[in-house]
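Note sheet for the following structure.
Laboratory data are not the source of any read-out in this text; all were calculated from the coordinates shown. None of the values given here were measured: they were computed from a predicted structure. Please note: Cβ atoms are built from the backbone with ideal geometry, for glycine as well, and neighbour counts cover all protein chains shown.
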Amino acid sequence: MKAYSLLNLQATLARDDGMPGMNYAAADKMVKWAQENGIGVRGHVLVWDAYMTDWFFREDYDANKPYADQETVKARTESYITQVITHFEEKFPGVVYCWDVVNEAVGDNQDEYTAGDPRHLRTLRSGGPNLFKLWAQI
């Protein structure tokens with residue numbers, strides 16, 4: 001249920017509103033199985049920088065273009081979160097009993113956050129930037 005497994009570039013490019021498109025096929029199979037077996041699902045995770053698709057942050061979703069501006073990325077992120085939660089609430093009411101909203105936002109090592117930041121908000125992962133952090137006003 002992570003963004004990299006739900007986001008779909010072809011579905012995104014086919015939309016008229018410029019917002020991200022999804023492919024829920026794999027996640028739906030898992031949640032349907034849980035529903036059929038009376039098992040609740042913890043939605044994991046709405047925002048996670050690890051393994052996130054780079055094209056999500058680019059102008060026109062084009063990996064060869066620069067990163068989009070903060071307003072665009074925030075709108076995409078809000079749309080993504082709204083679409084995902086709405087999808088599972090409507091298709092599988094009550095099965096997803098909670099959502100992990102942000103995963104691993106705190107850096108584990110000193111080189112993963114800005115020195116002096118008492119919150120240790122992750123700015124780097126494996127040497128690369130946390131693309132969500134670049135656009136967040138925190």
*How far is helix 70-91 tilted, in degrees, relative to the longest principal axis of the Cα atoms in the chain, given as a value from 0 to 90 rounded to the nearest 10?*
20 degrees
_Antiparallel versus total DSSP beta bridges in the chain: what percent is that, nearest 5?_
55 percent
*Under 17 Å Cα-Cα from LYS65, which aspartates and glutamates qualify once same-chain neighbours fewer than 8 residues away are excluded?*
ASP54
*Which value in nm describes the separation of the simple spin-label points at GLN110 and LYS91, placed 7 Å from the Cα toward the beta carbon?*
4.6 nm
*Leaving out same-chain residues fewer than 8 places away, which lysines sit with a Cα under 29 Å from that of LYS91?*
LYS2, LYS29, LYS32, LYS74
*Between segment 64-124 and segment 18-44, what's the alpha-carbon centroid distance in Å?*
18 Å
_Check which residues have an amide H placed less than 5 Å from GLY21's amide H, if you skip close sequence neighbours._
ASN8, THR12
*asked:* Using only the Cα atoms of segment 1-64, what are the Rg and Dmax in Å?
replied: 13.8, 45
*For the Cα atoms of the chain, what angle does the longest principal axis make with the long axis of helix 25-36, in degrees from 0 to 90, nearest 10?*
50 degrees
*Dipole magnitude of the chain, debye to nearest 20 (Cβ charges: Lys/Arg +1, Asp/Glu -1, about Cα centre)*: 280 debye
_Apply the Karplus curve 6.51 cos²θ - 1.76 cosθ + 1.60, θ = phi - 60°, to the phi angles in segment 97-107 and return the couplings in whole Hz, x for Gly and Pro._
8, 6, 10, 7, 7, 10, 10, 6, 6, 9, x
*By the scheme Lys and Arg +1, Asp and Glu -1, what is the net charge of all other residues having a beta-carbon under 14 Å from that of ASP62?*
0
*What is the calculated FRET efficiency for ASN23 to GLU71, with r their C-beta to C-beta distance and R₀ = 30 Å, to the nearest 0.05?*
0.70
*Reported label for calculated Kirkwood radius over Cα pairs in Å given [x] 15.0; [y] 16.2; [z] 17.2*: [y]
